[in-house]
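The values are calculated or read from the model by the stated rules, or taken from the named source; none is laboratory data. Please read these numbers as outputs of a predicted model, since none were measured by experiment. All Cβ positions, even for glycine, are placed from backbone atoms using ideal geometry, and neighbour counts span all protein chains on display. Protein only, heavy atoms only, side chains kept; ligands, DNA and RNA dropped before computing areas. Shrake-Rupley method; radii C 1.70, N 1.55, O 1.52, S 1.80 Å.
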Amino acid sequence: MERIPVTHAGSLIRPAELLSFLSAIDQGKAYDSEAYRAVLTKAVADVVARQVEVGVDIVDDGEMGKSTWITYLYERMTGLESRPIEGSITSILPASRDRQHFPGAYAELDALDAAASRASTSLGADESDRTGGWSDWVCTGPMTYNRAALDRDIANFKTALDAAGKDISEAFLPVVAPASAYWLRNEYYPSDEEFVFALADALHEEYRGIVESGLLLQVDDAVLMHEADTMLSRGESYDEYRRWARLRVDALNHALRGLPEDRIRYHICFGSWHGPHAYDPPLRDAIDLVLQVKARYYLMEQANPRHEHEWKIWEDVTLPEDKVLIPGVVTHHTNVVEHPELVAQRLVRLANVVGRDRVMGGTDCGFAQGAFVHRVHEEIQWAKLASLAEGAKIASRELWGAKAEV
């Protein structure tokens, strides 16, 4: 392929008609299962068709069947139970030095997320039983994975791909990494290591199911990076963070065992929430851990003002020969739609360092943290993806000249 292919990080904004069902499922409320299946099937078909329309090459299902990119997993596993968080809290996001240094800013931002959570709860609950939509998940027994929802998602996705004229090899499903299984406490396994590897064994069933279906597997791992800020905010050392992260990278590779690396994408970010991100750890400090993950494709933030400069690490960090970078060249962190020429500049400068055949165009993160938390308006989401596709064409012409397949 003599051009820069285009993809994105996965989570896309859900249509309004789907939200009431996702809210009811999230809260354990009754709902019309036949109506939900019909609405979900249509939502997947529509989001795939729209991605193709705006020029995305490697598409996904937008995570239409998930309420969040993390907690969907807990709904598909045995050995876990949900417990409502008692008392008043302002945010379920982790502690950090960023929060310590910008308390007023985060108070306002948390209020916006809390309002979104209350709105989601109101879709499926009475005023008297609202809890804010926040729960803890607790491991109380052996963890096993139930494939029913995954098989449903794969079937819906394949139907949508057929309708859009897309080959299954040009599509991916995003799922969570062991390190990013947040809001999950262990009350069953004797040690943290046994707990994490048991989780990896359960995730292996999900990962294997996706790869065996013919789809690309994308593993999402926001927590691996931003946990450094959380641990340092508690007075722990960077060496302690490295030990924590190393265990989870080892567990992820355990979950990926036996799967072909050329069908695996690994996405890291620093948390998709809007905020200063002034204490995000430098990518350079953990890139060795990232590259140890047994994947071919690496997606990472390089479009927002805090991390755009980090493309330069590839001038002295060696990218293994068989690996491909998918930098974010448009971001969810701003409502401004990136100009295609800027997108092209970001792609070309990286391609000139690592090679034009080893770069794809992507996004920093998903455009929706979950079904009820949008980082931009849906109209802006699609405009950004269209600009991404156009910018990749401009970059391809510059890198391949007349041979560019655009």
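Scanning region 267-288 for residues that are buried (at least 18 other Cβ atoms within 10 Å of the Cβ) and assigned to a helix (DSSP H, G or I) yields Leu283, Ile287. When we screen Val343, Val353, Val348 for residues that are surrounded by 21 or more Cβ atoms within 10 Å (Cβ to Cβ), within 21 Å of His309 (Cβ to Cβ) and among the hydrophobic types (A, V, I, L, M, F, W, C), the only hit is Val343. The residues listed here are Ala9, Ala24, Ala45; of these, the one that is in contact (Cβ under 8 Å) with a residue 60 or more places away in the chain, among the hydrophobic types (A, V, I, L, M, F, W, C) and within 23 Å of Gly361 (Cβ to Cβ) is Ala9. Condition check for Leu232 on (1) part of a loop (DSSP other than H, G, I, E, B); (2) open to solvent by 20 Å² or more (accessible area, probe 1.4 Å); (3) touching a residue at least 60 places away in the same chain (Cβ under 8 Å); (4) of a type in the set (A, V, I, L, M): one failure, at (1).
In the set Glu321, Glu315, only one residue is modelled with pLDDT under 95, within 30 Å of Arg248 (Cα to Cα) and surrounded by fewer than 16 Cβ atoms within 10 Å (Cβ to Cβ); that residue is Glu321.
Within region 1-36, the residues that satisfy the criterion of being within 21 Å of Gly370 (Cβ to Cβ), assigned to a helix (DSSP H, G or I) and among the charged types (D, E, K, R) are Glu17, Asp26.
Residue count for region 41-63 satisfying the condition of being open to solvent by less than 10 Å² (accessible area, probe 1.4 Å), part of a loop (DSSP other than H, G, I, E, B) and of a type in the set (Val, Ile, Thr): 1. Note on region 340-370: residues that are within 24 Å of the chain's Cα centre (by Cα) and either assigned to a loop (DSSP other than H, G, I, E, B) or among the basic types (Lys, Arg) (or both) total 7. Restricting attention to region 162-187, the residues that are within 18 Å of Ser11 (Cβ to Cβ) and either open to solvent by 10 Å² or more (accessible area, probe 1.4 Å) or modelled with pLDDT of 95 or more (or both) add up to 11. Of all residues in region 153-206, those satisfying the criterion of being assigned to a helix (DSSP H, G or I), farther than 25 Å from Leu40 by Cβ and either in contact (Cβ under 8 Å) with a residue 24 or more places away in the chain or within 22 Å of the chain's Cα centre (by Cα) (or both) are Pro178, Ala179, Asp192, Glu193, Phe195, Val196, Phe197, Ala198, Leu199, Ala200, Asp201, His204. Across region 17-25, a minimum of one residue is classified as touching a helix residue (DSSP H, G or I) at 6+ places or on another chain (Cβ under 6 Å), surrounded by 18 or more Cβ atoms within 10 Å (Cβ to Cβ) and closer than 25 Å to Arg185 by Cα.
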